[in-house]
Amino acid sequence: MIPVSLIQEAIEWRRQFHLRPELGYHEDETSQRVAALLREFGLQVHTGLAGTGVVGTLENGPGPAIGLRADMDALPITELGDAPWRSSQPGVMHACGHDGHTAMLLAAAKHLSATRRFSGTLHFVFQPAEENLGGARKMVADGLFTLFPMDAIYGLHNWPGLPVGHVAVNSGPMMASLDAFEITLRGKSCHAAMPENGADPIVAAAQLILALQTIPARRLSPLSSAVVSITQINGGEAINVIPESVVLRGTLRCLQADVRSRVRGMIDDFVTTFTAPLGIDGSIDYLTDYPVTCNHAAAAQQVRDCALALLPTEQVHWETSPSMASEDFACMLEACPGAYFWIGADGEVPSAPLHNARYDFNDDVIPEGVTFWTALAEKLLPLG
């Protein structure tokens, strides 16, 4: 059993993190607090991976080494909630629950350090910059798995739409790949009353946006998974001037690597050839690329077995529908065996969606998450 006092402590940590959110690669205060607590719990602490990343190591006899990962960064969103711990940082909030993920892993580290009912090595990985900035990839590049060799690594995410006390895991894909892109359409500016003297990138942008939607609708099999979304349009300075250029930003998400490759090629073709008859020069730059978050089957089965030992069968969801959202934990799974899973976030009142300005991590998830992390560590690293 996890002590009630520890759960209350974890809730307080979570609310402190929520009150003072920090964006990716700027989690300085959060990182320092995490490192200080881990040292207080008696762990060996390493800082500086990916700038603000923290790894706490707990050794207890011979055995395998496994990693447990939490993300720490917040989002550039203005919070609309009214909780006493609402964000104190204008334009920044924990709208994805990383405050809760961090607090739960800290509590698990404290409990496992006190009880030591395992044999082996635990690495508690606190990752910066999950939100579109590739913090996981940067930690790997900075030597995460070289400095801390692991037999497997595991990550979780709270999941609105799934009730508290439920767990979902797949033996394969959990989350889609992500390609974030920026399209620049260059035309020729002119007076808005004399469009024949220029080449209008705004008209080209409007047509291109609609044309891109034909890729998943008409160029792919309905059995393929792909989402192309344009999420930003920037162009123009004066109401009576056709601008020189327009910039579009958006994302592509896929569940199959071959589909991802094909769709990227189609987008490139649309950008460079579709706009040419309009007198527009189009180019595309890819800003972020995450692979599919694809679990290793054996590690996923370990998560499922742990869940079945803790929960009624109907609360354990196996081979559920993947999400078309993305997660850079995928980069860790490319470098090390492991699994990523969801834990339910909905109480009596359903949670606001992730990335919503009224979202707030459900503190009722904290005892579930701490219990699961503890049970998984003890299952994977059993005492002889």
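The values are calculated or read from the model by the stated rules, or taken from the named source; none is laboratory data. Source: prediction; values computed, not measured. Backbone-built Cβ (ideal geometry, glycine too); neighbour counts: all protein chains shown. Just the protein is used for accessible areas: all its heavy atoms, side chains included, with ligands, DNA and RNA removed. Shrake-Rupley method; radii C 1.70, N 1.55, O 1.52, S 1.80 Å.
Could you check what % of the DSSP bridge pairs in the stretch 1-145 are antiparallel, to the nearest 5?
Here the share of antiparallel DSSP bridges comes out near 65 percent.
How large is the accessible surface per residue of the chain, computed with a 1.4 Å probe and reported in Å² as a whole number?
With all protein chains present, the chain gives 42 Å² per residue.
Can you give me the % of accessible surface on the stretch 282-374 that is carbon or sulfur? Probe 1.4 Å, all protein chains present, nothing else counted.
Carbon and sulfur together cover 50 percent of it.
How would you rank 225-237, 298-310, highest first, on the average number of other Cβ atoms within 10 Å across their residues?
298-310, 225-237
State the percentage of accessible surface on the stretch 1-158 attributable to carbon and sulfur atoms; use a 1.4 Å probe and exclude ligands, DNA and RNA.
54 percent
Test of the criteria: in the stretch 309-369, which GluC sites (Glu not before Pro) are in a DSSP loop and have at most 14 other Cβ atoms within 10 angstrom of their Cβ?
GLU319, GLU348
Which of the peptides 37-50, 190-203, 62-75 is most tightly packed, and how do the rest follow, going by the mean number of other Cβ atoms within 10 Å of each residue?
62-75, 37-50, 190-203
Run the helix sum for the chain: -39,500 (n - 2.57) per DSSP H stretch of 4+ residues, divided by residue count, reported at 222 nm to the nearest 500 deg cm²/dmol.
Calculated mean residue ellipticity at 222 nm is -9500 deg cm²/dmol.
When the Debye formula is applied to the Cα atoms of the stretch 216-341, each taken as the same point scatterer, what base-10 log of I(q)/I(0) results at q = 0.11, 0.12, 0.21 Å⁻¹?
-0.57, -0.65, -1.27
Looking at the chain only, what percent of DSSP beta bridges run antiparallel? Nearest 5 please.
Here the antiparallel bridges make up roughly 65 percent for the chain.
Can you give me the Kirkwood hydrodynamic radius for the stretch 1-133, using every pair of distinct Cα atoms, in Å to one decimal?
Every distinct Cα pair counted, the radius reaches 15.1 Å.
If you take every residue apart from ILE284 with its C-beta less than 11 Å away from the C-beta of ILE284, what net charge results, scoring Lys and Arg +1 and Asp and Glu -1?
Spelling it out: positives minus negatives among the neighbours equals -3.
Putting +1 on Lys and Arg Cβ atoms and -1 on Asp and Glu Cβ atoms, find which of CYS331, ASN295, GLN16 reaches farthest to the positive end of the dipole of the chain.
ASN295
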